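The numbers here are math on the coordinates, done by the rules we state, and not lab data. Please read these numbers as outputs of a predicted model, since none were measured by experiment. When we count neighbours, we look across all protein chains shown, and the Cβ atoms used for this are built from the backbone with ideal geometry, even at glycine.
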Amino acid sequence: MGNIGETTLEIDLSALEHNYHYLKSKLSSDTKFLGVVKAFAYGSDMVIIAQKLERLGADYLAVAYTKEGVLLREAGIQIPILVLHPQPVNFDHLILHKLEPSMYSPKILKEFLEMAQKLGLGNFPIHIKFNTGLNRLGFWEQDVDHIVEILNGRNEVKVVSIFSHLAASEDPNEKDFSLTQINTFKKISQELNEKLGYAPFRHMLNTSGILNYPEAQFEMARCGIGLYGYGNESTIDQELKPVATLKTVISQLHQIEPNESVGYNRAFTSDRYRTTATLPLGHADGIGRQYGNQKTHVLVHGKKAPIIGNVCMDMIMVDVTGIACKEGDEVVVFGTEQSAEGFANTAGTISYEILTAISSRVKRVVLNP
Ligand SMILES: *Cc1c(COP(=O)(O)O)cnc(C)c1O
């Protein structure tokens, strides 16, 4: 294997393909599959991932914001794209690029209808988001009449789907709560279908929802983290393959004497002779200060090297005492050899956060395209 030479996020599309098929195997064959590619496809590369998902046969993609969807359309993505959290200020771009907005409040629905009327749209696809317990975005159950009233006689838009989002799909202790959300959603959909006079397709499950509540898959499931190789549960993680692997190289080795300190604020003081390695990766690349001061380790030739002292903007120092290594050698931060979930857990956070934190400064390399 050639030396990567600099900090690199490897994006393995064969892992994505494996995860896609694994997740599809948990759904019935006629359930549509939506791949969530928001936040640069969970910090990897949105266009590359979206193109691969389109080739694999995904039915839908979702992004959080309009500008993310615009990037996908500009890259030639043709399949439908749901925008989960659009803002009225971007409606013109959203419509121009045939992105499909989530309508989550009376205000946004009315404003979208106004724009749709102004532009003379007909049957433009929209999706209605219901809040069933997450209390983040969405209409409430008791808004159904109001929604129907707003939409009555309007043919500028067509409700193609309705959806909701589970608050704790990964937590078995919250099973009752999740089942209540699912039942509420069923009730809402029945009532809406009757009053609307047609039946938009329905979706409620994220990755952990697919794994824990497959009976609530309805007509589509929305999968994010699982596609990238993590399932919020160690037994599931073993079935999935990490898509992103963050690697770096040793820039310099130092021999440290007892009582010498390492890094800013002298946060690490050595009790003995040590070898430290300086790596070209810091909090500006997404490795936050919470990973410093021996909370977390990287792997140097498969051996654990703790991050010592404070994380700098562009660098971290790791303790490689007793590990045979030299300047220029490769270092694994997280991915195939040590999971992003485990790495994140050392600093009290989750795979989602560390994956999406890796900044655009880090070079992306695609494997197995
Ligand atoms: C991000 C998101 C998802 C994907 O969730 P995962 O846990 O990553 O599978 C699904 N639905 C909505 C509404 C989201 O915001």
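Please check: in the Gaussian network model of the chain (C-alpha springs, under 10 Å), which one of 161, 261, 14 has the largest mean-square fluctuation. Sorting by GNM fluctuation, first place goes to 261. Translational diffusion of segment 244-367 was estimated from the Stokes-Einstein equation, with Rh taken as the Kirkwood radius over Cα pairs; at 37 °C and 0.692 mPa s the coefficient is 228 µm²/s. The long axis of helix 46-56 is offset from the longest Cα principal axis of the chain by roughly 60 degrees. Computed 3J(HN,Hα) for segment 177-185, one whole-Hz value per residue from the Karplus formula 6.51 cos²θ - 1.76 cosθ + 1.60 where θ = phi - 60°, is 4, 4, 5, 5, 4, 4, 5, 4, 4, glycine and proline marked x. What pairs from 38/247; 26/129; 52/195; 32/241 go past 29 Å between their alpha carbons? Cα-Cα > 29 Å for 52/195; rest within.
Computed from point charges on the beta carbon alone (+1 for Lys and Arg, -1 for Asp and Glu), the dipole magnitude for segment 244-367 about its Cα centre is near 80 Debye. Here is the size of segment 1-90 from its Cα atoms: Rg then Dmax, 14.5, 49 Å. About its Cα centre, the dipole of the chain is roughly 360 debye, where the only charges are +1 on Lys and Arg Cβ and -1 on Asp and Glu Cβ. The modelled label-to-label distance for the pair residue 123/residue 92, using points 7 Å beyond Cα in the direction of Cβ, is 2.8 nm. Taking the inverse of the mean 1/r over every pair of distinct Cα atoms in the chain gives a Kirkwood hydrodynamic radius of 22.3 Å. The label point for residue 290 and the one for residue 149, both projected 7 Å from the Cα toward the Cβ, are 4.4 nm apart. Stretching the chain fully between residue 326 and residue 186 yields a gain of 44.4 nm (0.36 nm per residue, less the alpha carbon separation). Think of each Lys and Arg Cβ as +1 and each Asp and Glu Cβ as -1; about the Cα centre, that makes the dipole of segment 31-228 roughly 340 debye.
Relative to the longest principal axis of the C-alpha atoms of the chain, give the angle of the C-alpha long axis of helix 13-25, reported between 0 and 90° and rounded to the nearest 10°. Computed tilt is about 40 degrees. Packing order of peptides 115-124, 240-249, 304-313, highest average first: 240-249, 304-313, 115-124 (average count of other Cβ atoms within 10 Å over each peptide's residues). Across segment 31-228, the convex hull enclosing all Cα atoms gives 111 Å³ per residue. Shape class of segment 281-331 from the Cα gyration tensor (axes a ≥ b ≥ c, square roots of the eigenvalues): prolate, since a/c reaches 1.5 or more and a/b is larger than b/c. For the pair residue 199 and residue 78 in one chain, pulling the backbone fully straight at 0.36 nm per residue adds 41.1 nm over the alpha carbon distance. Pairs of Cα atoms nearer than 8 Å and 6+ residues apart set the relative contact order; for the chain it is 19 percent. Cross-link check: pairs 24/175; 98/118; 110/158 evaluated at a Cα-Cα cut-off of 18 Å; pairs beyond the cut-off: 24/175.
Structural descriptor for segment 262-341: relative contact order 33 percent, calculated from alpha carbon pairs under 8 angstrom and at least 6 residues apart.
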